[in-house]
Amino acid sequence: MEKLEQLYEGKAKKIYKTEDPDVVWLEYKDDATAFNGLKKGTIEGKGSLNNLISAHFFQMLEEKGITTHFVKLINDREMLCKDVKIVLVEVVTRNIAAGSLAKRIGYEEGTVLPLPIVEFYYKDDELGDPLINNYHIKILDLATPEQLAKMEEMALKINEILVGYLKDKRVTLVDFKLEFGIHKGEIILADEISPDTCRFWDADTKEKLDKDRFRRDLGNVEDAYKEILKRLTGQN
Ligand code: 5GP
């Protein structure tokens, strides 16, 4: 497979064409942004860590019956994925109050929710990814009710799988953001699952092992990402 012209550059990844119209080439970047691009930086090694961590999660989820866009790893920083049309709805699932939820409903960060909850955000940088509901999704024509129901069902299933899997690695899954794509008419899991898109806390010490270390200037960002890869794969 050959890397052809660049199709797109996002905040964390570049996407290239390949000679197969159904397959794209993803390159993960070290660039880090937060607060809708207001905070910018570089996390050395982030691109390869997120690529390897995402590949690990995608492979594990595929084994448990979740269809993802992942095709195969090319090298530490790059993977091949199915070409999808990204649904402009970010799906956030939460087990513990943190970040914007803690602010919005006045819960102390760390409060365990009585049940996992799912939220939808409009993937639009200019608007700052606002929280939206099924009515907004309908009038904006972002997804059909069937597609939305499928994304919610998949998010809850993925949450159940990830919570159990990570518990064994002594990692608490606080919350995470998923993006879905349409591939041959079907909703499949796309984008990435990494410390950029999840809140991971050490199960014993509650130490943050994710992008909140960058967002909140806590230091040791790269070490936290490395620790997640190590817990998942035993790789250093
Ligand atoms: P919050 O709404 O509390 O800021 O984020 C909830 C969860 O979704 C966190 O795990 C956060 O990392 C993830 N998340 C939400 N929106 C985005 C986004 O635009 N980019 C990234 N990388 N993660 C997001």
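The values are calculated or read from the model by the stated rules, or taken from the named source; none is laboratory data. This structure is a prediction, so every number in the text was calculated from the model and none was measured. Cβ placement follows ideal geometry from the backbone for every residue including glycine, while neighbour counts extend to all protein chains displayed. Heads up: the accessible areas ignore ligands, DNA and RNA and are worked out on the full protein's heavy atoms, side chains in. Shrake-Rupley method; radii C 1.70, N 1.55, O 1.52, S 1.80 Å.
Looking at this structure, is residue 196 closer than 14 Å to residue 51 by Cα and in a loop (DSSP other than H, G, I, E, B)?
Details: closer than 14 Å to residue 51 by Cα: yes; in a loop (DSSP other than H, G, I, E, B): yes.
Yes.
Reported count of residues in region 117-134, each being more than 16 Å from residue 197 (Cα to Cα), assigned to a loop (DSSP other than H, G, I, E, B) and open to solvent by 50 Å² or more (accessible area, probe 1.4 Å), is 1. Evaluating residue 216 against the criteria (1) within 15 Å of the ligand (Cβ to nearest atom); (2) under 23 Å from residue 80 (Cα atoms); (3) open to solvent by 40 Å² or more (accessible area, probe 1.4 Å) leaves one unmet condition, (2). If the condition is being in a strand (DSSP E or B) and open to solvent by 20 Å² or more (accessible area, probe 1.4 Å), then region 79-89 contributes 82, 85, 86.
Condition check ((1) within 20 Å of the chain's Cα centre (by Cα); (2) of a type in the set (Phe, Trp, Tyr); (3) in a loop (DSSP other than H, G, I, E, B); (4) surrounded by fewer than 14 Cβ atoms within 10 Å (Cβ to Cβ)) across all residues:
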| residue | (1), (2), (3), (4) |
| --- | --- |
| 115 | no, no, no, yes |
| 136 | no, no, no, no |
| 149 | yes, no, no, yes |
| 152 | yes, no, no, no |
| 160 | yes, no, no, yes |
| 166 | yes, no, no, no |
| 178 | yes, no, no, no |
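Test residue 175 against the stated conditions and say whether it is under 25 Å from residue 25 (Cα atoms), within 16 Å of the ligand (Cβ to nearest atom) and in contact with a Lys or Arg (Cβ under 6 Å, 6 or more places away or on another chain). No: the conditions fail for residue 175.
Residue 8 - would you say it is outside any helix (DSSP H, G or I), open to solvent by less than 50 Å² (accessible area, probe 1.4 Å) and either within 13 Å of the ligand (Cβ to nearest atom) or of a type in the set (Ser, Thr, Tyr) (or both)? No: the conditions fail for residue 8. Restricting attention to region 79-93, the residues being in contact (Cβ under 8 Å) with a residue 60 or more places away in the chain and more than 21 Å from residue 142 (Cα to Cα) number 2.
Each residue in region 67-78 was checked for being in a loop (DSSP other than H, G, I, E, B) and open to solvent by 70 Å² or more (accessible area, probe 1.4 Å), and 2 pass.
It is to be established whether one or more residues within region 94-108 are open to solvent by less than 60 Å² (accessible area, probe 1.4 Å), within 11 Å of the ligand (Cβ to nearest atom), assigned to a helix (DSSP H, G or I) and in contact (Cβ under 8 Å) with a residue 40 or more places away in the chain.
First, pick out the residues of region 94-108 that are open to solvent by less than 60 Å² (accessible area, probe 1.4 Å): 94-102.
Cutting the leftovers down to within 11 Å of the ligand (Cβ to nearest atom) gives us 94-102.
Next cut, assigned to a helix (DSSP H, G or I) only: 99-102.
Cutting the leftovers down to in contact (Cβ under 8 Å) with a residue 40 or more places away in the chain gives us 99, 101.
Among the residues of region 94-108, at least one is open to solvent by less than 60 Å² (accessible area, probe 1.4 Å), within 11 Å of the ligand (Cβ to nearest atom), assigned to a helix (DSSP H, G or I) and in contact (Cβ under 8 Å) with a residue 40 or more places away in the chain, which makes the answer yes.
Residue-wise test of (1) of a type outside the set (Phe, Trp, Tyr); (2) crowded, with 17+ Cβ neighbours inside 10 Å; (3) in a strand (DSSP E or B); (4) touching a residue at least 40 places away in the same chain (Cβ under 8 Å).
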{"position": "24", "(1), (2), (3), (4)": "yes, yes, yes, yes"}
{"position": "36", "(1), (2), (3), (4)": "yes, no, no, yes"}
{"position": "62", "(1), (2), (3), (4)": "yes, no, no, no"}
{"position": "65", "(1), (2), (3), (4)": "yes, no, no, no"}
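The residues in region 200-232 that are touching an Asp or Glu at 6+ places or on another chain (Cβ under 8 Å), free of Cβ contacts under 8 Å to residues at least 40 places away in the same chain and assigned to a loop (DSSP other than H, G, I, E, B) can be counted, and the count is 3.
If a residue must be open to solvent by 10 Å² or more (accessible area, probe 1.4 Å) and either touching a residue at least 60 places away in the same chain (Cβ under 8 Å) or within 11 Å of the ligand (Cβ to nearest atom) (or both), how many such residues does region 180-191 contain? Reasoning before the result, please.
Kept after step one, since they are open to solvent by 10 Å² or more (accessible area, probe 1.4 Å), are these residues of region 180-191: 182-187, 191.
Remaining after also requiring either touching a residue at least 60 places away in the same chain (Cβ under 8 Å) or within 11 Å of the ligand (Cβ to nearest atom) (or both): 182-183, 186-187, 191.
Total satisfying the criteria: 5.
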